[in-house]
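Report on the structure given below.
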Protein chains: 2
Amino acid sequence: MVQYQELDKSLAALADPTRRAVLQRLGGGSATISDLAEPFGISFTGMKKHVRVFLDTEIVTTEKLGRVRQCSLGPRRLDDVQAWMDDYRRMLDARLDRFGQLLERTKEESK
Amino acid sequence: MVQYQELDKSLAALADPTRRAVLQRLGGGSATISDLAEPFGISFTGMKKHVRVFLDTEIVTTEKLGRVRQCSLGPRRLDDVQAWMDDYRRMLDARLDRFGQLLERTKEESK
């Protein structure tokens, strides 16, 4: 169940356009909360809340450097999300194959 | 922005273990709300709410057959979620490459 809860948190963290844009920004290098907040025109407190959602999932990590906290992408590559997506798409492919076989059989029988 | 809102909805819809399990179940074939509710031990109304979240995103479709409503997987393959994941992982790879190059250069300079 622990793994499931992690996946829930990862997916919920990604379900927000600002948070997804923050990840793209951090891909270019680490940034302070103020750096992150500015281009979105949201408050420091608002951005801090978004970052906290990522800290829970370890998608983002922070480090205190002097008086400011620097945010960076964490070690997680969202492998749990990708693994779920892979399973889902494999299931869809298997379903499509079954439909195909059924169609073939129906064609054969109606000959 | 429309595309972003769809992606938000898809990710939020997936951020629940019961809803993900419902998709796996529907992969095996269509089912009524009651069929879906039973193995989870949740109420008809509770499952109806979960299914409604999927209807919004067209991940699941329903069809009225006689007196019951049959749920099936919709035409969407979550391509928007996969596309975002692909972009994200490409960005992580590019970041790793930059770190590698930086490390190489540092090694060269310290020779």
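Each reported figure results from applying straightforward, stated rules to the coordinates on display, with no laboratory input. In this text, all values refer to a predicted model and were calculated from it rather than measured experimentally. With ideal geometry, Cβ positions are generated from the backbone for all residues, glycine too; neighbour counts draw on all protein chains shown.
Worth pointing out:
- Search result, residues across segment A:49-96 that are out of contact with any Lys or Arg (no Cβ under 8 Å at 6 or more places or on another chain), within 14 Å of another protein chain (Cβ to nearest Cβ) and among the aliphatic types (A, V, I, L, M): A:Val60, A:Val81, A:Ala83, A:Met85, A:Met91, A:Ala94, A:Leu96
- Breaking point among (1) within 20 Å of A:Ala12 (Cβ to Cβ); (2) small (Gly, Ala, Ser); (3) crowded, with 17+ Cβ neighbours inside 10 Å, for B:Ala37: (1)
- Pick from segment A:51-88, criterion in a helix (DSSP H, G or I), within 17 Å of A:Gly27 (Cβ to Cβ) and touching a residue at least 12 places away in the same chain (Cβ under 8 Å), ranking: nearest to the chain's Cα centre (by Cα): A:Val81
- Residue under evaluation B:Gln101, criteria (1) within 21 Å of the chain's Cα centre (by Cα); (2) more than 11 Å from chain A (Cβ to nearest Cβ); (3) surrounded by fewer than 16 Cβ atoms within 10 Å (Cβ to Cβ); (4) not charged (D, E, K, R), criterion not met: (1)
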